[in-house]
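K.L.:
Could you have a look at this structure, given as structure tokens, before my questions?
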Amino acid sequence: MAAEFDTSHVKNVVLLGHAGSGKTTLAECMLFEAGLINRRGTVEEATTVGDYHPLEQERGNSIFSKLMHTKWRGYKINILDTPGYDDFVGEVLSALRVADTGVMVLNAAMGVEVGTDIIWEYTEKFKTPMIFAVNKLDDDTADFDKTVQQAKDHFGNKITVVQYPRQQGAGFHEIIDVLRMTMYKFTDTGGKPEKLAIPGDEKERAETLHRELVEAIASNDETLMEHYFDKGELDEDEMKEGMKKAMINHDIFPLFCLSAVRNMGSGRLMGFIDNVCPSTNEMPAQKTLGGYTLTSDASGPACIFIYKTISEPHVGDLSFFKVYSGTIKTGMELVNEANGVIEKINQLFLLEGNKRLPVQELVAGDIGATLKLRNTHVNNTLHIKGKVYELPPIEFPTSNVTVCIEPVNKGDEEKLSQALHQLREEDPTLIVEVSQELKQTLIHCQGDMHLAVAKWKIENLHKVPVKFGKPRIAYRETIRKMAESNYKHKKQSGGAGQFGEVFLRIEPYYEGMPEPAGLNVRGKETFELDWGGKLVYYNCIVGGAIDARFLPSILKGVMEKMHEGPLTGSYVRDVRVCIYDGKMHAVDSNDISFKIAGIMAFKDAFQKADPQILEPIYKIEVLSPEELTGAVMGDLQSRRGMVEGIDAEGHFQKIIAKVPLAEMHGFSSSLRSITQGRAKFKMSFDKYQPMSFEQQRKLAEEYKASATEMVA
Ligand SMILES: Nc1nc2c(ncn2[C@@H]2O[C@H](COP(=O)(O)OP(=O)(O)OP(=O)(O)O)[C@@H](O)[C@H]2O)c(=O)[nH]1
Ligand SMILES: [Mg+2]
């Protein structure tokens, strides 16, 4: 059966905004208004179509993006509801990637929140046409004008009011629309409003805002500007086309009014989405990585992009995709450009939350899902045979929080690694690292809530009890002064003997340092270490004291000790080692003898060379509401953090600090509790920095104690 809607009648809208701004409740209204559901669920009763996941129902907020669709006046609107907590930013980015219009939901009682700011940055990157929807106008503390002003302060004057509320708070039930120059009057139950003329006392304000809107539209199009100068007005069609064009060019962000909880305003918003917002074939054509241009044409070569996969218990992997060209039909075979695998599209679905509605085909521009692909993942492009299309991947952010993970029960290691593999498959922002250096399995993720979701999945879906712990820190060790040492390794008690003696000098290495003083340089090798820094290894042996064939053995020993530094077992960097003397035994000298002599001589010299532990320092950027800056700085300083600057960012403060990684464990949850989730942070590696004497002493002692324990 042919698709119900052609490309021009499909709109892809993503609902965006800070946690709790009302996105899921709005989606519920849109489904209800369109008759797809006959009763509006609520987040409180855990009865919405969107928040169907048990964890979402338990917590009362969205965690995963959801695909739903509604039909409104001859159009199909794909609704992508996204989570507001920034721990789940991966879900926002993948939904944003396939949407053609974003609806930024603002909470009229809170104004612009940190989540709004962060998500806005991503919409700027995608250049997504944007609508603002000021929600919760029924809230007693709602302040429409303040919210609009904050939005303009943060996101600029391209925000143009299309609607404003005649009342706010409990009495809210009328919206003045200055595009239609109409007043919408709602009954207490919301839904379909009465359309009335704008009352006298609102005329002046409505006219002023209408003028601003017309001028904003006209000023982005020369022809329209001429028409406007000629007629002093633009007709509805000119307004519509002008607005669409300006939205696609990111030149206008129309602003609407809502009370999603009272179902007031969603119908008008959907009408605007139908009439004005672009469908995919009106958006700039997609460019593949190979430079091909893909137009959203249902008769073109079939090509889809996988933006999300979830594993459905007892069903298998469900892959969500957008059709970027052609028409996808059940039974079709497509090539996965990333690995050449031929994938058969056995089933096609439209989604309504967790309900899958089978269909036979999906046209260009539409979004749907299929089941059980063999070897296809997020960011893969699948296309008709004979084409070479690869669409640009979604760039997911780097992680902010790291913990180590291990199974509670011994023997569950394999099950855990399978579970982690599955989690990673579904969530590209969850990075699993089996660290050779730290000898731990690490999870890198976006925050404490993200972690809690991962734990829930591993324990409830994969039935593996796990525990999280503080990850070890990748310290580095180096030296501050020159030292010499020698070591004789001798084992001559029956059987093959061992003998080797090494004299070496060790120095702190720095670029451009002069050749070793007072030594005869015979050979030199420079090693760029995988963990950063260098080792420079000199052969300064004279008179054949040690045969050249044993220099690599000594080097092996030195390298082995650099892998597990003498102070804390961490990697050693930036040292120069000169082998300048030694002794051999004609029979007993061999590779192992000199390796051991190298290890021991290096270890001893290292201890004498004023060794230094370097700790990783991270740059932390916290975006916080002004009134909470002091508390946040206090927390950072209690973590040996150095606050380097505070910049104003809209009505937020950006705090920049340098903090030792060792002190950052738990920062995500403490920031959430200090600021009730109203701040956000990101962190990136900055540098390695010498530790204080006291810190170093403590760490070296802890290491010694644990090493003794291990031997015991
Ligand atoms: N007063 C009022 N409350 C609302 C309105 N819309 C939503 N809410 C309430 O606000 C809370 C959050 O609503 P959600 O729809 O879950 O918000 P969300 O944006 O989806 O939140 P996240 O999924 O966490 O990002 C719920 O308690 C809703 O009932 C509104 O228009 N007015
Ligand atoms: Mg939600």
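K.L.:
Mind checking which strands (runs of 3 or more DSSP E) fall wholly inside the range 343-418 and carry at least 3 residues that are out of contact with any Cys (no Cβ under 8 Å at 6 or more places or on another chain)?
P.N.:
348-352, 355-359, 361-363, 367-371, 401-407
K.L.:
Sticking with this structure for a sec: Can you tell me which residue in the range 137-159 is nearest to ligand 1 (Cβ to nearest atom), limited to those that are open to solvent by 40 Å² or more (accessible area, probe 1.4 Å) and in a loop (DSSP other than H, G, I, E, B)?
P.N.:
Result: Asp139.
K.L.:
Out of the residues in the range 615-668 that are among the acidic types (Asp, Glu) and farther than 28 Å from Phe155 by Cβ, which is surrounded by the most Cβ atoms within 10 Å (Cβ to Cβ)?
P.N.:
Within the range 615-668, the subset among the acidic types (Asp, Glu) is 615, 621, 626-627, 635, 644, 647, 649, 663.
Those left that are additionally farther than 28 Å from Phe155 by Cβ: 615, 635, 663.
Numbers: Glu615: 23, Asp635: 19, Glu663: 17.
This residue is Glu615.
K.L.:
Please go through (1) closer than 30 Å to Val92 by Cβ; (2) open to solvent by 10 Å² or more (accessible area, probe 1.4 Å) for Leu430 and return the number of the only condition it doesn't satisfy.
P.N.:
(2) is the only condition that Leu430 fails.
K.L.:
Would it be correct to say that Arg166 is at pLDDT 95 or above, away from ligand 1 (no atom under 14 Å from the Cβ) and closer than 28 Å to Gln286 by Cβ?
P.N.:
Judged against the criteria, Arg166 is not a match.
K.L.:
Could you figure out which of (1) outside the structural domain of Val587 (by TED's automatic domain parsing); (2) surrounded by fewer than 18 Cβ atoms within 10 Å (Cβ to Cβ) isn't true of Val464?
P.N.:
(2)
K.L.:
Which numbered condition in (1) at pLDDT 95 or above; (2) touching a Ser or Thr at 6+ places or on another chain (Cβ under 9 Å); (3) more than 14 Å from Leu504 (Cα to Cα) is the only one that Val536 fails?
P.N.:
(3)
K.L.:
In the range 238-257, is there at least one residue being of a type in the set (Gly, Ala, Ser), under 37 Å from the mean Cα position of the chain (by Cα) and either more than 16 Å from ligand 1 (Cβ to nearest atom) or buried (at least 22 other Cβ atoms within 10 Å of the Cβ) (or both)?
P.N.:
Yes: one or more hits.
K.L.:
Across the range 87-119, which residue is nearest to Gln149 (Cα to Cα) among those that are of a type outside the set (D, E, K, R) and away from ligand 1 (no atom under 15 Å from the Cβ)?
P.N.:
Checked the range 87-119; the qualifying residue nearest to Gln149 (Cα to Cα) is Thr101.
K.L.:
Quick check, is Lys66 of a type outside the set (Phe, Trp, Tyr), within 15 Å of ligand 2 (Cβ to nearest atom) and open to solvent by less than 10 Å² (accessible area, probe 1.4 Å)?
P.N.:
When the stated conditions are applied, Lys66 passes them.
K.L.:
Here is a follow-up. Can you pull out the residues in the range 450-504 that are in a helix (DSSP H, G or I) and either in contact with an Asp or Glu (Cβ under 7 Å, 6 or more places away or on another chain) or closer than 30 Å to Lys583 by Cβ (or both)?
P.N.:
Correct list: His450 only.
K.L.:
Hey, another quick one. If Val214 satisfies every condition in (1) in contact with a Phe, Trp or Tyr (Cβ under 8 Å, 6 or more places away or on another chain); (2) part of a strand (DSSP E or B) but one, which is the exception?
P.N.:
Here Val214 meets the rest and fails (2).
K.L.:
Has the range 50-61 got at least one residue that is under 23 Å from Cys257 (Cα atoms), away from ligand 1 (no atom under 12 Å from the Cβ) and touching a Ser or Thr at 6+ places or on another chain (Cβ under 8 Å)?
P.N.:
The answer is no, given that none of the residues of the range 50-61 is under 23 Å from Cys257 (Cα atoms), away from ligand 1 (no atom under 12 Å from the Cβ) and touching a Ser or Thr at 6+ places or on another chain (Cβ under 8 Å).
K.L.:
Can I ask one more? Among the candidates Gly35, Gly84, Gly41, which residue alone is assigned to a loop (DSSP other than H, G, I, E, B), surrounded by fewer than 24 Cβ atoms within 10 Å (Cβ to Cβ) and either within 12 Å of ligand 1 (Cβ to nearest atom) or in the same structural domain as Gln676 (by TED's automatic domain parsing) (or both)?
P.N.:
Gly41
K.L.:
When the residues of the range 6-23 are narrowed to those that are part of a strand (DSSP E or B) and among the aliphatic types (A, V, I, L, M), which ends up farthest from ligand 2 (Cβ to nearest atom)?
P.N.:
Across the range 6-23, the extreme among qualifying residues is Val10.
K.L.:
Related question: Quick check on my filter: what residues within the range 289-339 are open to solvent by less than 10 Å² (accessible area, probe 1.4 Å) and over 22 Å from the mean Cα position of the chain (by Cα)?
P.N.:
Selection gives Leu294, Ala302, Cys303, Ile304, Val323, Tyr324, Ser325, Gly326, Ile328, Leu334, Asn336.
K.L.:
Residue check: is Tyr703 closer than 19 Å to Val572 by Cβ and outside the structural domain of Val575 (by TED's automatic domain parsing)?
P.N.:
Details: closer than 19 Å to Val572 by Cβ: yes; outside the structural domain of Val575 (by TED's automatic domain parsing): yes.
When the stated conditions are applied, Tyr703 passes them.
K.L.:
Does the range 217-226 contain any residue that is in contact with a Lys or Arg (Cβ under 9 Å, 6 or more places away or on another chain) and either surrounded by fewer than 17 Cβ atoms within 10 Å (Cβ to Cβ) or part of a strand (DSSP E or B) (or both)?
P.N.:
For the range 217-226, residues in contact with a Lys or Arg (Cβ under 9 Å, 6 or more places away or on another chain) and either surrounded by fewer than 17 Cβ atoms within 10 Å (Cβ to Cβ) or part of a strand (DSSP E or B) (or both): absent.
K.L.:
Would you check which residues across the range 653-712 are of a type in the set (Gly, Ala, Ser), assigned to a loop (DSSP other than H, G, I, E, B) and over 19 Å from Ser638 (Cα atoms) and list them? Walk me through it before giving the result.
P.N.:
Of all residues in the range 653-712, those of a type in the set (Gly, Ala, Ser) come to 657, 662, 666, 668-670, 673, 677, 679, 684, 692, 700, 705-707, 712.
Restricting the remaining residues to those that are assigned to a loop (DSSP other than H, G, I, E, B) gives 666, 677, 679, 692, 712.
Within the range 653-712, Gly677, Ala712 meet the criteria.
K.L.:
Which count do you get for residues in the range 267-288 that are assigned to a loop (DSSP other than H, G, I, E, B) and at pLDDT below 95? Reasoning before the result, please.
P.N.:
Initially, the range 267-288 is screened for residues assigned to a loop (DSSP other than H, G, I, E, B), giving 276-279, 283-285, 288.
If we keep only those that are at pLDDT below 95 as well, we get 284-285.
Residues meeting the conditions: 2.
The values are calculated or read from the model by the stated rules, or taken from the named source; none is laboratory data. All figures in this text were calculated on a predicted structure; none of them were measured in a lab. Quick reminder, even Gly has a Cβ in these numbers, built from the backbone with ideal geometry, and neighbours come from all protein chains shown. Heavy atoms of the whole protein, side chains included, go into the accessibility calculation; ligands, DNA and RNA do not. Shrake-Rupley method; radii C 1.70, N 1.55, O 1.52, S 1.80 Å.
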